[in-house]
Amino acid sequence: MTQDENLGLSQLGKATEAPKSPDEAVLERVPSPHGDTNYLVRFTIPEFTSICPVTGQPDFAHLVLDYVPDKWLVESKSLKLYLTSFRNHGAFHEDCTVAIGRRLVDELAPRWLRIGGYWYPRGGIPIDVFWQTGTPPEGLWLPDQGVPTYRGRG
């Protein structure tokens, strides 16, 4: 039995097809090695895509996901596959951003989570969406998400 099988992981180390929708995607988790410590985990997703539910055209975003684990970490391959599943999913920017945050909270029960969705312009207007679970733990080093406000060519 491999370590992945011991952890109950079904995707890591195996050829895995991208899920057809976010609902079909399997998010997997592994035990946090420092469950007694507040520390920040950041995923930066600079090439996130979804589909506009009205026009069917692709929408692009730079997502920044920060969370403070409790007992669980998200397994990164399963997160990548989950995020990839949005490529053919029709939803507005606000729905995509908040749904990702809520799904991770449901799966991981982190001490704290925030997601910043920095969406490229649609109709000439960039839309940025931010969601978090509450106040970050006291004393947590919380770096800026590092994504500047959209300026176009200016």
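Annotation note: Cβ proximity below 7 Å between a residue of the range 101-130 that is under 16 Å from K71 (Cα atoms) and a residue that is polar (S, T, N, Q) (sequence gap 6+ or interchain) occurs for V105/T133; R111/N38; W112/T133; L113/Q132; L113/T133. Of A109, A91, all but one fail to be of a type in the set (G, A, S), over 29 Å from G13 (Cβ atoms) and modelled with pLDDT of 95 or more; the exception is A91.
A single entry from G146, G152 fulfils the requirement of being over 22 Å from P33 (Cα atoms), in contact (Cβ under 8 Å) with a residue 60 or more places away in the chain and among the small types (G, A, S): G146.
Being touching a Lys or Arg at 6+ places or on another chain (Cβ under 9 Å) and of a type in the set (D, E, K, R) is the filter here; which residues of the range 78-109 pass it? If the condition is that a residue be touching a Lys or Arg at 6+ places or on another chain (Cβ under 9 Å) and of a type in the set (D, E, K, R), then E107 is the only one that fits. If you go through the range 43-63 and keep only what is within 11 Å of the chain's Cα centre (by Cα) and within 25 Å of S10 (Cβ to Cβ), you end up with F43, I45, F48, L63. Do we have V30 as in contact (Cβ under 8 Å) with a residue 12 or more places away in the chain and touching a helix residue (DSSP H, G or I) at 6+ places or on another chain (Cβ under 7 Å) here? Yes: the conditions hold for V30. Scanning the range 70-128 for residues that are within 18 Å of F43 (Cα to Cα), within 14 Å of the chain's Cα centre (by Cα) and among the acidic types (D, E) gives E75, D106, E107. Looking across the range 10-22, the residues that are surrounded by fewer than 15 Cβ atoms within 10 Å (Cβ to Cβ) and either of a type outside the set (D, E) or modelled with pLDDT of 95 or more (or both) come down to S10, G13, K14, A15, T16, A18, K20, S21. Name the single residue, out of those in the range 131-154 being among the aromatic types (F, W, Y) and surrounded by 15 or more Cβ atoms within 10 Å (Cβ to Cβ), that is farthest from D66 (Cα to Cα). Per the stated criteria, the residue is Y150.
The values are calculated or read from the model by the stated rules, or taken from the named source; none is laboratory data. Source: prediction; values computed, not measured. We place every Cβ from the backbone using ideal geometry, glycine too, and count neighbours over all the protein chains shown.
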